[in-house]
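Peer 1: Let me give you the structure first, and then I'll get to my questions.
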Amino acid sequence: MKDIIEGFMDLVKERNGHEPEFLQAVEEVAETVIPYIVQHDIYHGKNILLRMVEPERAITFRVCWVDDSGEIQVNRGYRVQMNSAIGPYKGGLRFHPTVNMSILKFLAFEQVFKNSLTTLPMGGGKGGSDFDPKGKSDNEIMRFCHSFMSELFRHIGHNTDVPAGDIGVGAREIGFLFGMYKKLRNEFTGVLTGKGMSWGGSLIRPEATGYGTVYFAESMLGTKDDSFKAKRVVISGSGNVAQYAAEKVIQLGGKVLTLSDSSGYIYDADGIDAEKLAFVMELKNIKRGRISEYVKVYPNATFVSGKTPWEVVCDVALPCATQNELNEDDANTLLSNGCMCVSEGANMPSTKEAVTAFHKAKILFAPGKASNAGGVATSGLEMTQNSLRFNWTRNEVDVKLKEIMANIHDTCIQYGKDDDGYVDYVKGANIAGFVKVADAMLAQGIV
């Protein structure tokens, strides 16, 4: 089996050797899915996984825009349309200086499995630009978004490809992008998700990824007859996902100790309660400040510069910042401090070595493709509401979200439970996501 996996990876590396993040994502899936393929004759000789790692379409384009000083700036735009076997491409747009084809292909590949796990009819895609919204005026961001959409619009549509937001793309950016799409197409359709409530958005969508991450962790804890009640929780990030993960933890009786950004993390031994979280939301969403400003308002807290929060003693860890933020040393520190549950709110935030450490210790560990699927699940619900020209209530969407996350958890157990009773959620998520997409690809032939 090892030789088969290595042979497959050698072929993928030959084609994508300069894309480390993508190779990391593919290898993690191959190690669990290839043994399943070998055991099931239906997939033999079809090269299903090899077809799944090759994007159906990868688009790059130039984005020219004018800054406030009148100077023309040039960025790169991307859209990776990975797989449409079970529905139109679906996945976020990321605006960040680190964006490149490797990162977007890894995100699009993960999205295929994540979307499959939701059971909603959505394929996988991802896109974005190396544009950095930080430090830009609203007018500069508007000009960039309009220019970006003037190229992207010809490749997307409500039955073709439905982008959403991601890092650097929030409600403001979605609004600018949608405005230009509507103008160019002369139609009002649900081509983007994460829209404002007054023009086609869904309640709970901003909260969904963070809420879903906590709901999944809650389900894992439930397998041990446990809950978030009185649990010490460490969260990385301070953006949308981290904020709403913290909010849900607080609602479930947990104690949030940390939040972070690229400058470092804050540690509040008293716990970040609803009032303190409201301050963080205003700081990050409106003032666009740094997390270090928290300690000026709440001096009992401390700010640790240039570090991630995994050294803080906790029961539950929720990495909600970015890929590969939690390495093997961090994992060992968490384990030695008694951490019993890790639920990924970001995409692939744990390195391969960190995941191995978690599995070796047999703690509860949920990969992002399962635990952070709440965001795209609610995007799918937004698409449904757009098609119906109808809006569900906040409670209706939240109930549907919680049900979807519980179903994903149950599916991971179905495919990931080992003989000794330990649940390998990585294996479960990979195989469950693969089966639905693979069966659809087989049914549709070689296309």
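Peer 1: For segment 239-315, just the Cα set please: Rg and Dmax, both in angstrom.
Peer 2: Calculated on Cα positions, Rg and Dmax stand at 11.4, 32 Å.
Peer 1: Across every pair of different alpha-carbon atoms, what Kirkwood hydrodynamic radius in Å does segment 57-187 reach? Can you show the working numbers first?
Peer 2: On the way: mean 1/r = 0.0680 Å⁻¹.
The Cα-based Kirkwood calculation yields 14.7 Å.
Peer 1: Do you know the relative contact order of the chain, to the nearest whole percent, from alpha carbon pairs under 8 angstrom that are 6+ apart? Write down the numbers at each step before the final one.
Peer 2: On the way: 912 pairs, mean separation 66.1, N = 447.
Relative contact order comes out at 15 percent.
Peer 1: Report Rg(Cα)/(2.2 N^0.38 Å) for segment 208-371, keeping two decimals.
Peer 2: Values: Rg = 14.3 Å, N = 164, 2.2 N^0.38 = 15.3 Å.
It is 0.93.
Peer 1: Antiparallel versus total DSSP beta bridges in the chain: what percent is that, nearest 5? The partial results should precede the final answer.
Peer 2: Values: 27 of 48 bridges.
Percentage antiparallel, nearest 5: 55.
Peer 1: What helices does the chain hold that run 15 Å or longer along their axis, going by alpha-carbon atoms, with a Kyte-Doolittle average of 0.5 or more, using DSSP H for the helix calls? Walk me through the numbers on the way to the answer.
Peer 2: On the way: long enough: 2-16 (20 Å, -0.57); 20-38 (26 Å, 0.70); 101-117 (24 Å, 0.72); 138-152 (21 Å, -0.21); 171-185 (21 Å, -0.07); 208-222 (20 Å, 0.45); 240-251 (17 Å, -0.07); 274-285 (16 Å, 0.15); 374-388 (21 Å, 0.05); 394-416 (32 Å, -0.46); 425-444 (29 Å, 0.71).
For the chain, where a helix must reach 15 Å along its axis and average at least 0.5, the hits are 20-38, 101-117, 425-444.
Peer 1: Another question, then. Pick out which of K369, K284, K296 has the largest mean-square fluctuation in a Gaussian network model of the chain, springs linking Cα atoms closer than 10 Å.
Peer 2: The residue with the greatest mean-square fluctuation here is K296.
Peer 1: Kindly provide the pair-distance distribution of segment 322-447 built from C-alpha pairs, with 10 Å bins from 0 and whole-percent values in order of increasing distance.
Peer 2: Here the calculated profile for segment 322-447 is 12, 34, 32, 18, 5, 0.
Peer 1: Let me ask something else. Kindly flag which residue pairs out of K126/K296; K248/K360; K114/K352 have an alpha-carbon separation exceeding 26 Å in this structure. Don't skip to the answer; put the middle values down first.
Peer 2: Details: K126/K296 38 Å; K248/K360 29 Å; K114/K352 18 Å.
Result: K126/K296; K248/K360 exceed 26 Å.
Peer 1: How many Å³ per residue does the convex hull of the Cα positions in segment 277-385 occupy?
Peer 2: On the way: hull volume 14.3 nm³, N = 109.
In segment 277-385, the Cα convex hull volume per residue is 131 Å³.
Peer 1: Find, among the trypsin sites (Lys or Arg not before Pro) in segment 1-108, those assigned to loop by DSSP (not H, G, I, E, B) with at most 15 other beta-carbon atoms within 10 angstrom. Write down the numbers at each step before the final one.
Peer 2: Details: sites: K2, K13, R15, K46, R51, R57, R62, R76, R79, K90, R94, K105; in loops: K46.
Counting only loop positions with at most 15 other Cβ atoms within 10 Å, the trypsin sites (Lys or Arg not before Pro) in segment 1-108 are K46.
Peer 1: Taking Cα pairs under 8 Å and at least six residues apart, what relative contact order does segment 351-447 come out at, in percent?
Peer 2: Numbers: 64 pairs, mean separation 24.7, N = 97.
For segment 351-447, the relative contact order is 25 percent.
Peer 1: Roughly how many whole Å is it from the C-alpha centroid of segment 91-120 to that of segment 210-236?
Peer 2: 25 Å
Peer 1: Taking the alpha carbon gyration tensor of segment 113-217, what are the square roots of 5 times its eigenvalues, largest first, to the nearest whole Å?
Peer 2: Values: eigenvalues 109, 61, 37 Å².
Working from the Cα gyration tensor, I get semi-axes of 23, 17, 14 Å.
Peer 1: Return the loop-located GluC sites (Glu not before Pro) in segment 190-268 (DSSP other than H, G, I, E, B) with at most 11 other Cβ atoms within 10 Å of their own Cβ; answer none if there are none.
Peer 2: Numbers: sites: E207, E218, E247; in loops: E207.
Sites meeting the loop and neighbour criteria: none at all.
Peer 1: Also, quick follow-up: Work the Kirkwood hydrodynamic radius out for segment 1-68: mean of 1/r over every pair of different alpha-carbon atoms, inverted, in Å.
Peer 2: Values: mean 1/r = 0.0716 Å⁻¹.
Taking the inverse mean of 1/r over all distinct Cα pairs, segment 1-68 comes out at 14.0 Å.
Peer 1: Name the residue, out of V423, V295, V241, whose mean-square fluctuation peaks in a Gaussian network model built on the chain with Cα pairs under 10 Å.
Peer 2: V295
Peer 1: If you build the Cα gyration tensor of the chain and take the root of 5 times each eigenvalue, what three semi-axes come out, in whole angstrom, biggest first?
Peer 2: Numbers: eigenvalues 178, 176, 86 Å².
Each semi-axis is the square root of five times an eigenvalue, giving 30, 30, 21 Å.
Every number here is computed from the coordinates shown, using simple stated rules; none is lab data. On a predicted model such as this, the values are computed, not experimentally measured, just so you know. Heads up, the Cβs are rebuilt from the backbone with ideal geometry, glycines too, and the neighbour counts pull from every protein chain shown.
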